[in-house]
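J.: Let me give you the structure first, and then I'll get to my questions.
The values are calculated or read from the model by the stated rules, or taken from the named source; none is laboratory data. Source: prediction; values computed, not measured. When we count neighbours, we look across all protein chains shown, and the Cβ atoms used for this are built from the backbone with ideal geometry, even at glycine. Please note that ligands, DNA and RNA were not included when accessible areas were found on the heavy atoms of the full protein model with its side chains. Shrake-Rupley method; radii C 1.70, N 1.55, O 1.52, S 1.80 Å.
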Amino acid sequence: MSTLRMAAVAAEFGRDLEEDFAVVERLIKEAREADVGLLALPEACLGGYLLSLDDDAALDEGPPALTLDGPEIRRLGALAGEMTVVAGYCEAAGDARYNSVVCVTGDGVLGNHRKVHQPLSEDASYSSGDRFHAFDTPVGRLGMMICYDKAFPESARALALDGAEIGVCVSAWPGARTQAATDLAKDRWKRRFDLFDRARALENQIVWVSANQAGTFGSLRFVGSAKVVDPGGEIIADTGVGAGLAIAELDVVQALETARRSMGHLRDRRPDTYTPAGAASV
């Protein structure tokens with residue numbers, strides 16, 4: 001039996017990259033002391049998220065744009081060392097900016113994903129990605145997505161069909177914009193956040209690692225709730241609405257085999273029945 005200790009982070013990040021890297025360094029140190037092999041940091045943890053998701057979002061200059069092969073991502077890899085670390089950032093590529101997530105170790109970049117689905121007015125600040133893919137890492141085959149991506153079952157299904165054993169979703173998921181609950185634990189957007197995490201794990205029978213921003217930034221109040229979910233859809237570690245690390249240990253290969261033994265959701269698919277004639281299917 002080979003087990004993996006994995007951790008999902010709920011933490012607060014802002015525009016100051018040096019301050020963000022100080023938080024990242026502290027979290028990696030804490031995770032290393034807990035023998036964590038896979039650490040998921042939130043969406044936009046390098047440079048902060050957007051100040052608002054309203055129509056005035058275009059007035060926000062947004063976080064600093066970093067290149068995938070630039071010094072900041074190399075710095076993240078150096079901090080990661082032997083650990084596999086996933087972190088969100090604003091990616092500069094040509095004339096475009098993307099809301100992206102990168103996976104690194106001390107050996108370099110293992111994978112990168114550009115957010116495909118853009119909520120509300122996020123498209124005023126970022127271009128959209130156009131694909132989902134899995135990739136191999138020292139801790140297993142991973143697939144990554146960002147926040148609103150997980151509201152679409154096809155996103156996680158595409159990763160599972162590409163062989164992902166672990167889905168990592170990084171988020172800057174806020175509480176409800178209207179009729180907000182005073183107690184974040186009872187917020188309806190927090191309930192949706194948790195429901196999507198559990199559903200995406202269960203329907204694809206994969207391990208699910210969900211990181212999220214905590215605290216506040218601009219007009220947004222984030223729900224935290226970083227967690228690890230097993231292939232049966234059960235939450236096995238959770239930070240609640242505060243900051244912290246949700247740490248869980250699991251034999252990933254065995255967990256997937258056990259979950260899929262009797263009812264294999266990927267194996268038993270009937271894609272020919274799911275869409276009208278002529279429509280693309282996943």
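J.: Pick out which of 248, 181, 172 has the largest mean-square fluctuation in a Gaussian network model of the chain, springs linking Cα atoms closer than 10 Å.
T.: Maximum fluctuation in the GNM of the chain, among the listed residues, is at 181.
J.: Of the trypsin sites (Lys or Arg not before Pro) in segment 205-282, which ones lie in a loop per DSSP and count no more than 14 other C-beta atoms within 10 Å?
T.: Here the sparse-neighbourhood loop sites are 261, 267, 269.
J.: Of (1) 34, 21, 18; (2) 26, 22, 19; (3) 31, 21, 18, which is the value of semi-axes √(5λ) of the Cα gyration tensor in Å derived from the coordinates here?
T.: Among (1) 34, 21, 18; (2) 26, 22, 19; (3) 31, 21, 18, the one calculated here is (2).
J.: For residue 150, go through the aspartates and glutamates and keep the ones whose alpha-carbon is under 14 Å away, minus same-chain ones fewer than eight residues off.
T.: Within the straight-line limit of under 14 Å, residue 150 reaches these aspartates and glutamates: 43, 194, 197, 203.
J.: Follow-up question, since we're still on this one. What are the residues whose amide H is under 5 Å from the amide H of residue 181, where those residues sit 5 or more places off or on another chain and H is modelled from the backbone?
T.: Residues meeting the criterion, in which the H sits 1.01 Å from N, are 176, 188.
J.: Ignoring ligands, DNA and RNA, please state the percent of accessible area on the chain from carbon and sulfur, probe 1.4 Å.
T.: Accessible surface attributable to carbon and sulfur in the chain totals 50 percent.
J.: Considering only C-alpha atoms, what is the centroid distance from segment 1-39 to segment 50-116, in Å?
T.: With segment 1-39 and segment 50-116 each reduced to a Cα centre, they are spaced 16 Å.
J.: Still on this structure: Rounded, prolate or oblate: pick one for segment 176-270, where a ≥ b ≥ c are the square roots of the eigenvalues of its C-alpha gyration tensor, a/c under 1.5 means rounded, and failing that, prolate if a/b is larger than b/c, else oblate.
T.: Prolate.
J.: Taking only protein heavy atoms into account and a 1.4 Å probe, give the accessible area per residue of segment 85-213 in Å².
T.: Per-residue value: 36 Å².
J.: I've got another one for you. Could you tell me which chymotrypsin sites (Phe, Trp or Tyr not before Pro) in segment 194-282 are loop residues by DSSP with no more than 12 other beta carbons within 10 angstrom of their beta carbon?
T.: Qualifying residues, ordered by number: 274.
J.: Now for a different question. If you take the square roots of the eigenvalues of the alpha-carbon gyration tensor of segment 89-221 and sort them as a ≥ b ≥ c, do you get rounded (a/c under 1.5), prolate (a/b over b/c) or oblate?
T.: Oblate, because a/c is 1.5 or more while a/b does not exceed b/c.
J.: Which of these, 135, 21, 152, has the largest mean-square fluctuation under a Gaussian network model of the chain (Cα springs below 10 Å)?
T.: 152
J.: A further question on this structure: Restricting to DSSP H runs of at least four residues, report the calculated mean residue ellipticity at 222 nm for the chain, -39500 (n - 2.57) per run over all residues, nearest 500 deg cm²/dmol.
T.: Rounded to the nearest 500, it is -7000 deg cm²/dmol.
J.: In segment 1-92, which GluC sites (Glu not before Pro) are in a loop and have at most 11 other Cβ atoms within 10 Å, using DSSP for the loop call?
T.: Those satisfying the criteria are 61, 82.
J.: Excluding same-chain residues fewer than 8 positions from residue 29, which lysines have a Cα within less than 24 Å of its Cα?
T.: Straight-line reach from residue 29, under 24 Å: 227.
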